[in-house]
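Asker: This is the structure I want to talk about, given as structure tokens.
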Amino acid sequence: MADATATHDGTRTYWETRHAEHDELTSGGHIGLDRPGNELFYAQRLGTLLSLVGDLSSPAAPLFVLDAGCGKGYFARALARCGHRVDAFDASRTAVDHARAEGGGPRYAVAALDEWRAPWPYDIVVCVDVLFHVLDDEEWAAGLRNLASLVRVAGRLIVTDEDTAHRTPRGAYIVHRPLTAYRAELEPLGLRHTLSEPYGFRENRVGFHVFTRTR
Ligand SMILES: C[S@@+](CC[C@H](N)C(=O)[O-])C[C@H]1O[C@@H](n2cnc3c(N)ncnc32)[C@H](O)[C@@H]1O
């Protein structure tokens, strides 16, 4: 327990510092890329994400979307511009302050994946490049289960990870987990894996996993 808490606190400090020190793309994008590289990285993933979310929104009935671990709000703002009604949260107050200052429609909160509660279910919950930054397995599973509980029946949960054969730590702040680990948590809750879509960006091996709630 003490180790998990230390990991948790170290991760939070890492993200507060990273969000304070880097621009809006580098802080939540790929820290090893320059500005044009991160512009491409974000734009390409946004295109894929929008096609996965789909074209079912209308002014009379916008899709209700949650961006969990929104960072400085790049995806949340883009989803709002496309007509979706967006709630967004991140554990980093620095990131959320920045996102709020940008405006653009989403409603923001400071919260962790395993903490966020909402009085309504979402049509779509997206969680982009967050879960593989949760190092502690119990916190990861609790966060994933909480996100699943926020998806309406027939709605979708869209998460990202690299589909490694086994649990694979990379450096100090990344643990990749196989698709089988996601399925093991989500299927008992009624979420069926319906699609995976690799980023296909340079050598990056992360991709989107889509789960659809069946009950
Ligand atoms: C790589 S960034 C991605 C941010 C955003 N999704 C994007 O793609 O621009 C990872 C984000 O996860 C947030 N984060 C890390 N652990 C979290 C947790 N347990 N709950 C909520 N957010 C968390 C960090 O503060 C950071 O903003």
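Just so you know, all these numbers are worked out from the coordinates, no wet-lab data involved. Just so you know, these numbers come straight off a predicted model, no measurement behind them. All Cβ positions, even for glycine, are placed from backbone atoms using ideal geometry, and neighbour counts span all protein chains on display.
Asker: Only Cα pairs under 8 Å and at least 6 apart count here; give the relative contact order of the stretch 39-156 as a rounded whole percent.
Answerer: 24
Asker: How high is the relative contact order of the chain, given as a whole-number percent (alpha carbon pairs under 8 Å, six or more residues apart)?
Answerer: After rounding, I find 15 percent.
Asker: Can you tally the net charge around Gly207? Count Lys and Arg as +1, Asp and Glu as -1, for every other residue whose Cβ sits under 12 Å from the Cβ of Gly207.
Answerer: For residues surrounding Gly207, the net value is -3.
Asker: Going by average Cβ neighbours within 10 Å, how do the peptides 172-184, 47-59 rank, with the highest at the top?
Answerer: Result, highest mean Cβ count within 10 Å first: 172-184, 47-59.
Asker: Once phi is turned into ³J(HN,Hα) by the Karplus curve 6.51 cos²θ - 1.76 cosθ + 1.60 with θ = phi - 60°, what whole-Hz value does each residue of the stretch 64-73 show in order, with x for glycine and proline?
Answerer: Each residue of the stretch 64-73 in turn: 9, 10, 10, 9, 8, x, 7, x, 8, x Hz.
Asker: Using helices alone, I'd like the mean residue ellipticity at 222 nm for the chain: each DSSP H run of four-plus residues gives -39500 (n - 2.57), total over residue count, nearest 500.
Answerer: Result for the chain: -11500 deg cm²/dmol, rounded to the nearest 500.
Asker: Given the Cα-Cα distance of Cys82 and Leu40 and 0.36 nm per residue of separation, how much length would full extension add, in nm?
Answerer: 13.2 nm
Asker: Tell me, what ³J(HN,Hα) does each residue in the stretch 75-90 have, in order and in whole Hz, if you take phi through Karplus 6.51 cos²θ - 1.76 cosθ + 1.60 with θ = phi - 60° and put x for Gly and Pro?
Answerer: Coupling constants for the stretch 75-90: 6, 4, 5, 5, 5, 5, 4, 8, x, 7, 8, 10, 9, 8, 8, 8 Hz.
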